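The values are calculated or read from the model by the stated rules, or taken from the named source; none is laboratory data. Since the model is a prediction, treat every value here as computed from it, not as a measurement. Note that each Cβ is placed from the backbone with ideal geometry, even for glycine, and that neighbours are counted across all protein chains shown.
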Amino acid sequence: MFVDQVKLELRAGKGGDGVVAWRREKYLPKGGPTGGNGGFGGCIYCEADPNINSLDHLANQRVLSAENGRCGGPNQQNGRRGKDLVIKVPLGTLVKDAKTQSIIFDMSEEKEKVLLCQGGKGGLGNAFFKTPRNRAPNKCTPGKFGETQSFELELKLIADVGLVGFPNAGKSTLLTAVANIDAKAGSYPFTTLSPNISYMEFDDFSRIYIADIPGIIEKAHLNKGLGLAFLKHIERCNTLLYVIDLSTEEREDPLQDFLTLRDELGKYSKKLLEKPFIVALNKIDKESSTSTLEMFRSNYAFEGSSLYPISAKEQSNLSSLKEALKTIAQRDGKKYR
């Protein structure tokens, strides 16, 4: 199960208590106070890890705590500091306040590390309170409690290219053909139930990261089908690749499919319509695709250069599509990578 949203209660470690202790030696009857200070409680950090693709590892955890600091000891020994807790999350994770839903951090940089909860300060031992006028203080202070706060982690995948299309349009097959991944593909709708992300690597060793978003259907912006669960992942993609089924075996009008997809994205967020895009007209290996291809081109309202007839299954015409995606990625830059 792909998890892209979790709520956590985080508790930083409590500081260790200070202690009251006295120096007891045979020839030092008035050795004085030697109680040490308590150690600081452990802090809680969040770190972006490029090797993690989802929040699955946090799905069944509701409360996470850092280690408490140790108490002080005799002979002015300070207590050990509590171990910090580092929560690793995928690139593109938003850290929100669970109550206000305001975004606190956007974990979009590799190895980025931020402090979420500060550990408590350690208490003071009686040696700290020794003064010329009070040479035998008999008091110490307890450690302070660490910060406790509730957060919501929400993942929005980061990729250069996002594949958008109706179920069974061939997105997973295309991703398998052009990228270094064996995505699950089948001849039935909703084969993909969670986003897949991989990359295309070129001869100059440059890479383009691609996200396969589960199939979008009409009224997806109203949470129909897989709905809003995955529409949000398209927001972080710099370029959109619409995958349209030309065969008419699943759907009757490929052009209307394209317009419906654009309409759903626009209703979810107008900014999605401002992103650069390419249209991959898939399944040209089917007999019925010839007539629908010409009909699509004649009624297409955008630049014809953005159309790329392909067959993901037969791996036909994929080289020109890959070069076009590379050109757009280099032209528009990589905002998150």
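List of remarks:
- Among the criteria (1) farther than 29 Å from LEU58 by Cα; (2) modelled with pLDDT of 85 or more, the one VAL164 does not fulfil is (1).
- In region 89-137, residue surrounded by the fewest Cβ atoms within 10 Å (Cβ to Cβ) [restricted to those that are small (Gly, Ala, Ser) and closer than 20 Å to LEU55 by Cα]: SER102
- With respect to being surrounded by 14 or more Cβ atoms within 10 Å (Cβ to Cβ), outside any helix (DSSP H, G or I), on the phi < 0 side of the Ramachandran plot and within 36 Å of the chain's Cα centre (by Cα), GLU250 fits the description.
- Candidate set: region 9-49, residues that are outside any loop (DSSP other than H, G, I, E, B) and not charged (D, E, K, R); chosen: the one surrounded by the fewest Cβ atoms within 10 Å (Cβ to Cβ): LEU28
- Region 125-151 residues that are in contact (Cβ under 8 Å) with a residue 60 or more places away in the chain, paired with ones that are buried (at least 18 other Cβ atoms within 10 Å of the Cβ) and of a type in the set (Ser, Thr, Tyr) (beta carbon under 6 Å, 6 or more apart): ALA127/THR34
- Some residue of region 15-36 being modelled with pLDDT of 95 or more, of a type in the set (D, E, K, R), under 30 Å from CYS140 (Cα atoms) and more than 14 Å from the chain's Cα centre (by Cα): yes
- Scope region 271-293; condition exposed (fewer than 12 other Cβ atoms within 10 Å of the Cβ) and either at pLDDT 90 or above or within 20 Å of LEU163 (Cβ to Cβ) (or both); matching residues: LYS271, GLU274
- If you go through region 268-295 and keep only what is in contact (Cβ under 8 Å) with a residue 24 or more places away in the chain and farther than 20 Å from ALA324 by Cα, you end up with TYR268, SER269, LYS271, ASP285, LYS286, SER288, SER289, THR292, MET295.
- Candidate set from region 50-85 (those that are more than 15 Å from the chain's Cα centre (by Cα) and not in a loop (DSSP other than H, G, I, E, B)); member that is farthest from VAL20 (Cα to Cα): VAL63
- Residue that is farthest from ASN282 (Cα to Cα), among those in region 206-234 that are surrounded by fewer than 22 Cβ atoms within 10 Å (Cβ to Cβ) and modelled with pLDDT of 80 or more: SER206
- Of all residues making up region 140-161, the number that are at pLDDT 95 or above and not in a strand (DSSP E or B): 8
- Any hit, region 309-323, residues being over 14 Å from TYR242 (Cα atoms), assigned to a helix (DSSP H, G or I) and of a type in the set (A, V, I, L, M): yes
- Near pairs, Cβ below 9 angstrom, 6+ apart or cross-chain, from region 50-74 (in the same structural domain as GLY16 (by TED's automatic domain parsing) and in contact (Cβ under 8 Å) with a residue 60 or more places away in the chain) to any residue that is surrounded by 19 or more Cβ atoms within 10 Å (Cβ to Cβ) and aromatic (Phe, Trp, Tyr): GLY69/PHE40
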